[in-house]
Amino acid sequence: MRHLRLLVPVLLLLLAGCSSGGTRDDGRITLRFQSLAWQEESVAANKDLVKEWNATHPDVRVEYVQGTWDSVHDQLLTAFEGGEAPDIIHDASDDLADFAYGGYLADLTDLLPARLKSDIPRRSWETTTFGGGIYGVPFLQEPRVLIADAKWLKRSGVRIPTPERPWTWAEFRRITEDLSGRGEYGVAWPLKEPVSATLNLSLSAGGQLFHRGPDGKVTVRFEAADQVVPRTVHAQIGTDRSASPTTLGSGGSDTLPGFFGGRYAMVPLGFSYRQQIVQQAPKGFEWQVLPAPAGAGGLTQGVSPQTLSIAEDSPHQKEAAAFIDFLLRPRNMVRLALGDWMLPTGTRALNDPALRTAEHGWSAGTALAAHLRPAPAQTVRGYPEWKDKVATPAFQEYYSGAIDIRELRERLERDGNLVLARYQR
């Protein structure tokens with residue numbers, strides 16, 4: 001027992017030296033950085049930058065921790081409540097509201113350098129601002145674009161849209177119908193996760209869906225502008241037969257074999273899917289990036305940028321902010337953007353020649369950057385529950401033809417407002 005009593009303090013000291021955000025026996029601060037990078041190029045870029053930081057900052061060591069997008073919300077919630085959250089947290093802006101209002105994330109307003117604040121546009125900062133505080137640094141963003149079979153479109157003779165003269169939603173519907181027939185479809189909508197695609201594209205038609213009243217409380221109103229995109233998709237699937245009904249439950253990657261095989265002329269996808277297309281497309285397959293259709297709001301669409309936050313419980317917030325500043329220097333932000341095949345939020349990084357080339361559609365994407373706005377649900381408390389329990393099944397049933405637009409509206413508003421009300425008492 002005497003030996004055991006002597007051993008316990010030693011073990012506690014060792015554990016303290018390895019804890020999150022702690023100071024090791026050699027005096028170095030150790031910060032844990034949880035990254036959600038998953039593509040090989042992106043993981044390599046993040047790990048290389050961590051190594052470069054560690055090589056030039058001997059007193060503040062960063063430990064790379066691999067996370068996953070599939071379970072990040074629940075994983076972080078458990079970590080926060082258990083006091084085991086990483087110091088530096090990679091997430092998406094539409095996942096931050098509950099964590100910010102719950103006191104789990106540090107307010108970065110006075111921690112970030114002026115250089116970083118001024119380099120990222122105000123519209124991007126709005127995605128991570130809650131109650132007057134800044135709870136994340138938005139650094140990568142992904143517009144939705146149309147990936148098109150270039151030969152198919154050229155052969156058909158349809159007008160090719162440009163950012164200066166995009167298709168309207170009505171024109172898009174008409175063109176997809178013209179491109180369809182004999183078991184071929186003008187478009188394939190991968191709508192396994194229909195909510196973000198629908199809401200973000202609806203901004204182009206003037207949709208808003210979430211409305212904040214004078215008292216600060218948010219309610220759902222599914223109005224005419226919000227219905228333009230859902231009605232278009234619904235008509236393409238059920239009326240025009242210009243959209244494949246079999247892709248409704250598919251993810252974006254699931255549509256690529258059919259796209260390469262000549263079954264679909266176009267697929268609406270996130271900008272980063274270009275990497276998979278480059279890797280998987282058969283030899284000789286020609287494809288191009290087109291802007292998504294425009295409406296009353298022009299090319300405007302919502303985005304939920306990837307973010308970097310700092311845990312409120314981290315004892316070394318200043319050091320964590322210094323690492324974020326290093327990670328997001330313009331040249332480093334370009335490396336992260338190239339690794340993820342996405343657009344940087346930083347103005348200087350976005351102007352880098354590597355992101356302005358026509359190859360692989362980079363210039364087509366950067367032309368859309370000025371039109372990107374915060375996704376409609378950015379600051380809405382309870383959005384994850386609303387999306388999972390109300391909106392996702394309602395949109396899935398509507399697109400499949402199981403319910404009509406009236407039932408969709410009733411469920412989004414009636415059931416949705418009941419969910420949101422619990423978070424706004």
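The values are calculated or read from the model by the stated rules, or taken from the named source; none is laboratory data. Being a predicted model, the structure only gives us computed values, none of them experimental. Cβ coordinates were reconstructed from backbone atoms using ideal geometry, including for glycine residues, and neighbour counts include every protein chain displayed. Note: accessible area is taken over every heavy atom of the protein model, side chains too, but ligands, DNA and RNA are not part of it. Shrake-Rupley method; radii C 1.70, N 1.55, O 1.52, S 1.80 Å.
Close amide-amide hydrogen proximity is noted between Ala92 and Thr307, each under 5 Å apart and 5 or more residues distant or on a separate chain (H modeled in the peptide plane; Pro and chain starts excluded).
Fraction of C-alpha pairs exceeding 18 angstrom in the stretch 113-163: 53 percent, rounded to a whole number. Applied to the stretch 417-425, the Karplus parametrisation 6.51 cos²θ - 1.76 cosθ + 1.60 on θ = phi - 60° returns per-residue 3J(HN,Hα) values of 5, 5, 5, 5, 4, 5, 8, 10, 6 Hz, with x for Gly and Pro. Solvent exposure of the chain amounts to 44 Å² per residue of accessible area, where only protein heavy atoms count and the probe is 1.4 Å. What spacing in nm lies between the two simple spin-label points modelled at Ala224 and Leu77, each 7 Å away from Cα in the Cβ direction? So the two model labels end up 3.9 nm from each other. Checked against a 24 Å cut-off, the cross-linked pairs Lys117/Lys192; Lys154/Lys283; Lys151/Lys192; Lys217/Lys389 give Cα-Cα distances beyond that limit for Lys117/Lys192; Lys151/Lys192. The alpha carbons of the chain stretch over 83, 51, 44 Å along the principal axes, in descending order. If you average 1/r across every pair of different Cα atoms in the stretch 145-258 and take the reciprocal, what Kirkwood value do you get, in Å? The Cα-based Kirkwood calculation yields 15.5 Å. Candidate cross-link partners of Lys318 among the aspartates and glutamates, defined by an alpha-carbon separation under 16 Å and a same-chain spacing of 8 or more, comprise Asp59, Asp87, Asp107, Asp110. Pairwise Cα distances in the stretch 91-210 exceed 22 Å for 54 percent of all pairs.
Measuring nothing but protein heavy atoms, the accessible surface of the chain at 1.4 Å probe radius is 51 percent carbon and sulfur. Given +1 at the Cβ of Lys and Arg, -1 at the Cβ of Asp and Glu and no other charges, the dipole of the stretch 132-202 around its Cα centre is 240 debye to the nearest 20. Distant-in-sequence amide contacts of Leu140, defined by a placed amide H-H separation under 5 Å and a gap of 5 or more residues or a different chain, comprise Gln306, Thr345. For the stretch 342-349, 3J(HN,Hα) computed residue by residue from phi via the Karplus equation (6.51, -1.76, 1.60; θ = phi - 60°) reads 10, 9, x, 7, x, 5, 5, 5 Hz, glycine and proline entered as x. Taking the Cα centre of the chain as reference, the dipole from Cβ charges on Lys and Arg (+1) and Asp and Glu (-1) amounts to some 780 debye. Note on His57 and Leu418: the model spin-label points, each 7 Å out from Cα along the C-beta direction, lie 4.8 nm apart. Which value, in debye to the nearest 20, gives the size of the charge dipole of the stretch 362-413 about its Cα centre, when Lys and Arg are +1 and Asp and Glu are -1 at the Cβ? Computed about the Cα centre, the dipole is about 220 debye. 3J(HN,Hα) couplings calculated from phi for the stretch 144-155 with the Karplus curve 6.51 cos²θ - 1.76 cosθ + 1.60 (θ = phi - 60°) are, in sequence order, 8, 10, 9, 8, 10, 6, 4, 5, 4, 5, 5, 5 Hz; Gly and Pro show x.
On a per residue basis, the convex hull of the C-alpha atoms belonging to the stretch 196-343 measures out at 189 Å³. Taking a quarter of the surface of the Cα convex hull of the stretch 363-405 gives a mean projected area of 4.8 nm². Here the translational diffusion coefficient of the stretch 294-411 follows from Stokes-Einstein with Rh set to the Kirkwood radius across Cα pairs; for 4 °C and 1.567 mPa s it amounts to 73 µm²/s. For the stretch 225-253, the residues whose amide N sits under 18 Å from a probe point set 7 Å from the Cα of Gln208 along the beta carbon direction are 225-229. Modelled label positions at Ser118 and Thr239, each set 7 Å beyond Cα in the direction of Cβ, lie 5.2 nm from each other.
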